[in-house]
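Have a look at the structure below before the remarks.
The values are calculated or read from the model by the stated rules, or taken from the named source; none is laboratory data. Note that this is a predicted model, so its numbers are computed, not measured. Cβ: placed from backbone, ideal geometry, glycine included. Neighbour counts: every protein chain shown. Note: accessible area is taken over every heavy atom of the protein model, side chains too, but ligands, DNA and RNA are not part of it. Shrake-Rupley method; radii C 1.70, N 1.55, O 1.52, S 1.80 Å.
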Amino acid sequence: MPNICTLTLIAADGTEETVTQPVKLVFRKDKYASGTELSGRIIRSGAAGEAVRVKLEAGGRLIHDGYLEYCRQEMLGGRSVLSFTSKGFSWLLAQNEPVPGINYQVNLASLGALNTQIPNVTYESGTRTVNYISVKEHSSIWDAVSAYAMKAYGTQPYIIGANTVSVTGTQGTMRSYASSDLISTGTLCDRRTMLSKAYMSDADGQYSEQVSNSAAVDAGIVREKYFQFDRQWLSSLNMGLRYRINRTVRRSDMSFVKLLGYQGEELFDSCTFTYGGQQTTLTVGSIEVVFEKGIAVSTLGQMNETEL
């Protein structure tokens, strides 16, 4: 497998170990997730907790750099096998609370600088300045970044590279694939988190604002939630509700293509292929790559979103 990817384990003292015998690795990335994910099994001796950090290079670039959150070392079939899961460092933005209060006149980088500094996480520079970002107690830094993205650009944040937080539109690489690269293509529908209606109370405590999701209603799904007044959306409670519902429907209509190999595809790349005599172009919104037995298989997904 070293010919298709390079896995590196790093100990607490900074010692690096290049893994020469991976059994299977699975890499995942999603434009709505706060970080990359990597899981796998490798042939390795030693205690489970010796490594604290893992890097994965593939397709000519670093695609994962994160902390080892779970490891299990065991003797299996006469071999010492380490099973692990790792999250990119930027996942920690969703697990740390921001300083409560109102942050005035901030852009993405200055908002990030106001809060707990996560190692190896960087922020896109040169973004717009917004009047304020209101931060509630026990919310997350990722929530604050998401509110900033919605206010500044009407978008949601995403991770580019291994751990860089971005909010502006990205022009991805245009890619095309030969028929010999294609394994399958299809569609996916995941309604497990979809909300049908959301309410938000106003400054007087009345739930005066509501937004309905017709896609959920048409599917016979009734899943309603009430949200307390949030100063973040003082200028538009409706925008706050649409932001919440849109996040729950992101995987309800997807197209995907499964390919042999991994060429370093990134979020927002434009991928063109011909299957069954029909040419199709997908804009990448999700990535899954399985590295096993010296072969990489990539599944690239497009989210066919309709914003409320």
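In the set Gly240, Gly205, Gly220, Gly264, which member is over 30 Å from Val289 (Cα atoms) and under 22 Å from the mean Cα position of the chain (by Cα)?
From the options Gly240, Gly205, Gly220, Gly264, the qualifying one is Gly240.
Looking at Ser146, Ser139, Ser134, which one is part of a strand (DSSP E or B), open to solvent by less than 40 Å² (accessible area, probe 1.4 Å) and either among the small types (Gly, Ala, Ser) or under 21 Å from Thr272 (Cα atoms) (or both)?
The match here is Ser134.
Tell me which strands (runs of 3 or more DSSP E) are completely within region 194-308 and hold 1 or more residues being open to solvent by 50 Å² or more (accessible area, probe 1.4 Å), or say none if there are none.
Correct list: 209-212, 224-227, 254-260, 270-275, 278-283, 286-292, 295-303.
Within region 243-268, can you find the residues that are among the charged types (D, E, K, R) and in contact with a Ser or Thr (Cβ under 9 Å, 6 or more places away or on another chain)?
Selection gives Arg247, Arg250, Arg251, Asp253, Lys258, Glu265, Glu266.
Among the residues of region 4-16, is any more than 20 Å from the chain's Cα centre (by Cα), among the acidic types (Asp, Glu) and open to solvent by 70 Å² or more (accessible area, probe 1.4 Å)?
Yes - at least one qualifying residue is present in region 4-16.
Which members of region 26-60 meet the condition of being open to solvent by 60 Å² or more (accessible area, probe 1.4 Å) and in contact (Cβ under 8 Å) with a residue 60 or more places away in the chain?
Arg28, Gly60
Here are some conditions: (1) more than 17 Å from the chain's Cα centre (by Cα); (2) of a type in the set (Gly, Ala, Ser); (3) buried (at least 17 other Cβ atoms within 10 Å of the Cβ). Ser80 meets all but one. Which one does it not meet?
Result: Ser80 passes all but (3).
Could you please let me know if Ala178 is more than 15 Å from Thr306 (Cβ to Cβ), among the aliphatic types (A, V, I, L, M) and surrounded by fewer than 12 Cβ atoms within 10 Å (Cβ to Cβ)?
yes
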